[in-house]
């Protein structure tokens, strides 16, 4: 499956590096952990969901479109259930307009 260059790729890698560096500082007692607002958590989920959907479709290359849709739906349901179980957050509510 071919896509275009991700214009956010370098930024994502920079964010990853910053988070890993901060995690090391936290583990060594140098800093406090980062907190995440619901909006920041939602942004993180959007990035992850976009990436995992691409990788899933890349993995399923050659499968028919219906199979890809079924897999994406199943993945979304499992991800939503996982987040609800371990954070108590209903991801649908993160995207509701106020």
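Laboratory data are not the source of any read-out in this text; all were calculated from the coordinates shown. All of these numbers come straight from a predicted model, not from anything done at the bench. Cβ coordinates were reconstructed from backbone atoms using ideal geometry, including for glycine residues, and neighbour counts include every protein chain displayed.
Computed values, structure above
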| quantity | calculated |
| --- | --- |
| Enumeration of residues in the range 32-61 that are part of a loop (DSSP other than H, G, I, E, B) and surrounded by 13 or more Cβ atoms within 10 Å (Cβ to Cβ) | 60 |
| Filter result for the condition that a residue is farther than 16 Å from residue 1 by Cβ and without any contact (Cβ under 8 Å) to a residue 12 or more places away in the chain, over 95, 36 | 36 |
